[in-house]
Each structure stands twice: as structure tokens, then as C-alpha cells.
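Quick notes on the structure that follows.
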Amino acid sequence: NRALPSWLNRCKDLLPCAFMAILVVYCLKAIPTSSFVENIITAVGVITTMAIHAWKGNTILSVVCGSAAYIHLWNLL
């Protein structure tokens with residue numbers, strides 16, 4: 001088996017962080033025009049995602065858990 005090129009290894013290491021950054025920017029873009037309650041729900045989703053990612057280091061798990069928390073709070077509203 002051949003080894004992967006160095007640029008491809010670097011992409012493999014950076015893509016999870018890039019996906020997380022894109023999701024954070026996308027989620028937080030509406031904060032200036034949102035209500036206080038909507039901002040709290042968004043903050044809980046972001047904080048949940050960050051906490052799960054810091055704890056487990058799994059990008060997919062952290063995004064799924066953060067999204068679930070966000071959706072659950074929206075449904076309670």
C-alpha cells in the first residue's frame with residue numbers, strides 16, 4: 001500500500017475543524033436579529049456541541065448531540 005500524499009493527510013486532519021467552524025458561523029449568523037430566547041437556545045446548542053466535542057473528541061457525535069439539544073429546545077418553545 002502506498003502512503004497518502006502529505007497534503008491529503010493535512011486535509012484529513014483539518015476537515016473536521018473546518019466543518020465545525022462552518023457550522024458555528026452558520027448557526028450564529030442570525031444572533032443580531034433574533035430574540036433573547038432564540039439566542040439562549042442557540043447558545044445551548046453551541047455549548048452542548050463544544051462540550052461533547054471536548055469530552056469525546058468525536059465530530060459527528062458532538063454535532064448530532066448539539067443539534068438534538070437545539071431542536072428539542074425549539075420544540076419546547
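Structure values in brief
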item	result
Test: residue in segment 39-59 that is farther than 19 Å from residue 21 by Cα and in a helix (DSSP H, G or I)	yes
Hits in segment 48-77 (condition: farther than 21 Å from residue 14 by Cα, at pLDDT 90 or above and not aromatic (Phe, Trp, Tyr))	48, 65, 67, 68, 69, 71, 72, 73, 75, 76
Residues within segment 34-77 that are open to solvent by 60 Å² or more (accessible area, probe 1.4 Å) and among the β-branched types (Val, Ile, Thr), tallied	6
Members of segment 1-36 that are over 30 Å from residue 74 (Cβ atoms) and among the charged types (D, E, K, R)	2, 10, 12, 13
Residues within segment 1-33 that are open to solvent by 80 Å² or more (accessible area, probe 1.4 Å) and part of a loop (DSSP other than H, G, I, E, B), tallied	5
Close pairs (9 angstrom Cβ cut-off, 6 or more residues apart or separate chains): free of Cβ contacts under 8 Å to residues at least 60 places away in the same chain in segment 7-20, surrounded by 11 or more Cβ atoms within 10 Å (Cβ to Cβ) and not in a helix (DSSP H, G or I) anywhere	12/4
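The values are calculated or read from the model by the stated rules, or taken from the named source; none is laboratory data. Bear in mind the structure is a predicted one, so any value in this text is a computation, not a measurement. Ideal geometry is used to build each Cβ from the backbone, glycine not excepted, and the neighbour counts take in all protein chains shown. For accessibility, only protein heavy atoms count, side chains too; no ligands or nucleic acids. Shrake-Rupley method; radii C 1.70, N 1.55, O 1.52, S 1.80 Å.
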